[in-house]
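The values are calculated or read from the model by the stated rules, or taken from the named source; none is laboratory data. Since we're looking at a predicted model, the values are computed, not measured. A quick note on method: Cβ atoms are made from the backbone with ideal geometry, for glycine too, and the neighbour counts reach across all protein chains shown. When the accessible area is computed, the model is the full protein with side chains, heavy atoms only, and any ligands, DNA or RNA have been set aside. Shrake-Rupley method; radii C 1.70, N 1.55, O 1.52, S 1.80 Å.
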Amino acid sequence: MNTRDFFQFEVYTKNLLKMSPIKKNIPLFILLFISHTLFAGLPNSGFGGRSSALGNACITHSDFWSQFNNQAGLANNNKTKVGSYYENRFMTKALSVKAMGILVPVKKGSFGLNLTHFGESNYYEMNIGLAYGRKLSESLSVGLQFDYFSIHQGQDYGSKDKITFEGGFIYQVDEKIKIGGHLYNPLIKSKNDQDLELPEIYRLGMEYKISKDLNGFFEARNQSDYGSSLHFGLEYLFNCFSFRAGYASKPDIFTFGVGIEQKHFQLDFSSSLHSVLGYSPQVSIVYIF
């Protein structure tokens, strides 16, 4: 267990012990499990109410939140947008995730500037990202983002930071099928044990247009310090409304949500359900200029 993991375990154990008597009785092995998995901090993907409702199967999306999830999705943007996202993870303030960003189209593609934050004053993680996505052809889009990631661990542990990058592609196979791939922090290893270590994350997924109003999503993920997981989602479109449901493995998380899209704004509500720790509601809003 590195310094970051130890500090997170210590802080979140204290937070859990302040909660209801039922949650006080969670065995130590579950706390350890939470420390290494659910409390991993900032996610690499799944930002935005739409993505969260679809089990975080979001690698082929082309929307505002692509600058967080797969930068290749920025290639189809042609309007300036601003947005924000909030997740109240397990209804616990100390585990909240916040994000905000701006998206600006240029002659070829779009630029995105985003900020994400996890935690509270005793321990928090923050990432600032500069993204760019563009089309290489009618079928192929690519994207890249540079990240400045930092953790603040209180007076006893100090702070650490690191610069890394991520990027991906989206390929439109035909009218019904899209595939996507994404890499986060690929092949970047620290030579100093005291440096901040970030995981390598590799993702591959597909979107399938089942019918005119129904889309299916699948994503497989491998994270160097966590292992592999699978993500599934279904989205039904009805006029300006969207109804969504999904599932993510390791641990088992069920997700659902609804969205509404108008000329100048997009509003999405979602929630995920863990069998032991309960609900994590999410909300996101995007304003379109």
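For region 132-139, putting each phi into the Karplus relation 6.51 cos²θ - 1.76 cosθ + 1.60 with θ = phi - 60° gives couplings of 8, x, 7, 8, 9, 7, 5, 9 Hz, in residue order, rounded to whole numbers and with x for Gly and Pro. Applying both filters, DSSP loop and at most 14 other Cβ atoms within 10 Å, to the chymotrypsin sites (Phe, Trp or Tyr not before Pro) of region 175-227 gives 226. Under the convention that each Lys and Arg Cβ holds +1 and each Asp and Glu Cβ holds -1, the size of the dipole of region 132-289 around its Cα centre is about 340 debye.
Overall, the accessible surface of region 97-176 at a probe of 1.4 angstrom is composed of carbon and sulfur to the extent of 61 percent. Under a model in which nothing but the beta-carbon of Lys, Arg (+1) and Asp, Glu (-1) is charged, region 211-255 shows a dipole of about 60 debye around its Cα centre. With a Förster radius of 30 Å applied to the beta-carbon distance between residue 137 and residue 208, the computed FRET efficiency rounds to 0.90. When the charge dipole of region 84-183 is built from unit charges on Cβ atoms (+1 for Lys and Arg, -1 for Asp and Glu) and taken about the Cα centre, the candidate among 150, 115, 101 whose Cα reaches farthest toward its positive end is 101. Considering only DSSP states other than H, G, I, E and B, which trypsin sites (Lys or Arg not before Pro) in region 81-179 qualify as loop sites with at most 14 other Cβ atoms within 10 Å? In loop regions of region 81-179 (DSSP not H, G, I, E or B), the sparsely surrounded trypsin sites (Lys or Arg not before Pro) are 107, 108, 176.
Estimated from the Cβ-Cβ distance and a Förster radius of 35 angstrom, the FRET efficiency linking residue 200 and residue 262 is about 0.35. Rounded to whole numbers, the Karplus 3J(HN,Hα) couplings from phi for region 96-103 are 5, 10, 10, 8, 8, x, 9, 10 Hz, using 6.51 cos²θ - 1.76 cosθ + 1.60 with θ = phi - 60°, and x at Gly and Pro. Measuring with a 1.4 angstrom probe and ignoring ligands and nucleic acids, residue 139 comes out at about 50 Å² accessible. Since only 211, 227, 196 are under comparison, the one whose Cα sits farthest along the positive direction of the charge dipole of region 179-238, derived from C-beta charges on Lys, Arg, Asp and Glu, is 211.
Shown in residue order for region 82-87 are the 3J(HN,Hα) couplings computed by the Karplus curve 6.51 cos²θ - 1.76 cosθ + 1.60 at θ = phi - 60°: 10, x, 9, 9, 9, 10 Hz (x for Gly and Pro).
Going 7 Å from the Cα of residue 237 along its beta-carbon direction, which residues of region 197-219 have the amide nitrogen within less than 16 Å of the resulting point? 207-217, by backbone N distance to the label point.
Using the Cβ-Cβ distance between residue 289 and residue 226 with R0 set to 30 Å, the FRET efficiency from 1/(1 + (r/R0)^6) comes to roughly 0.20. Computed with a 1.4 Å probe over protein heavy atoms only, the accessible surface of region 41-166 comes to 39 Å² per residue.
Put a plus charge on the Cβ of each Lys and Arg, a minus charge on the Cβ of each Asp and Glu, and nothing anywhere else: the dipole of region 196-289 about its Cα centre is then about 260 debye. Residues whose amide H lies under 5 Å from that of residue 80, counting only those 5 or more places away or on a different chain, are 289; hydrogens are built 1.01 Å from N in the peptide plane.
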